[in-house]
Amino acid sequence: MKIQINTDAHISGKEALAEHMSGIIEDALEHVSEHITRVEVHLSDENGTKSGHQDKRCMLEARIEGRSPLAVTEQAATLEQSVQGAAGKLARLLESRIGRGHERRAGSPRSRARPSPPPNAA
């Protein structure tokens with residue numbers, strides 16, 4: 001799983017920040033990482049140089065093999081909190097999507113074709 005981090009002009013310390021945030025994301029997605037080819041991270045400070053409540057934004061977009069990308073967003077008071085929140089959301093979303101796809105491939109009752117309802121006899 002490759003993690004690509006993008007920041008806006010208001011966020012500094014890109015190399016150290018990227019390493020720290022990558023670790024948070026890797027930990028959160030560890031159990032589903034075999035299905036992910038890339039995670040794009042977009043970090044921004046919504047208020048620029050002014051401080052504000054919940055002004056740090058993290059958008060994560062996961063590229064999953066054979067499926068459409070999935071994206072989540074989290075806003076928080078700090079970048080770390082926004083990344084942790086977004087990573088948690090993405091992990092739950094991926095578990096849901098990958099789990100359902102796995103059930104269908106495994107032949108669970110949910111994956112079997114359901115017969116069409118009989119036509120209305122009016």
### Query
Going 7 Å from the Cα of E80 toward and past its Cβ, which residues in region 1-22 have a backbone nitrogen under 18 Å from where you end up?
11-22
#### Entry: Fraction of beta bridges assigned by DSSP in region 2-107 that are antiparallel (%, nearest 5)
75
### Query
Peptides 64-75, 25-36: what's the order by average Cβ count within 10 Å, highest mean first?
25-36, 64-75
### Message
If I model a spin label at R67 and E95 as a point 7 Å from the Cα along the Cα→Cβ vector, what separation in nanometres do I get?
### Response
1.4
### Summary
Taking a ≥ b ≥ c as the square roots of the eigenvalues of the Cα gyration tensor, with a/c under 1.5 meaning rounded and otherwise prolate when a/b exceeds b/c and oblate if not, region 1-98 is prolate
### Query
Roughly what would the spin-label model give for R38 and H20, points 7 Å off Cα along C-beta, in nm?
2.6
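Read-outs: derived from the displayed coordinates by stated rules, not from any lab. The structure presented is a predicted model; accordingly, all values stated were derived computationally and were not measured. Counting neighbours? That spans all protein chains shown, and the Cβs are built from the backbone with ideal geometry, glycine included.
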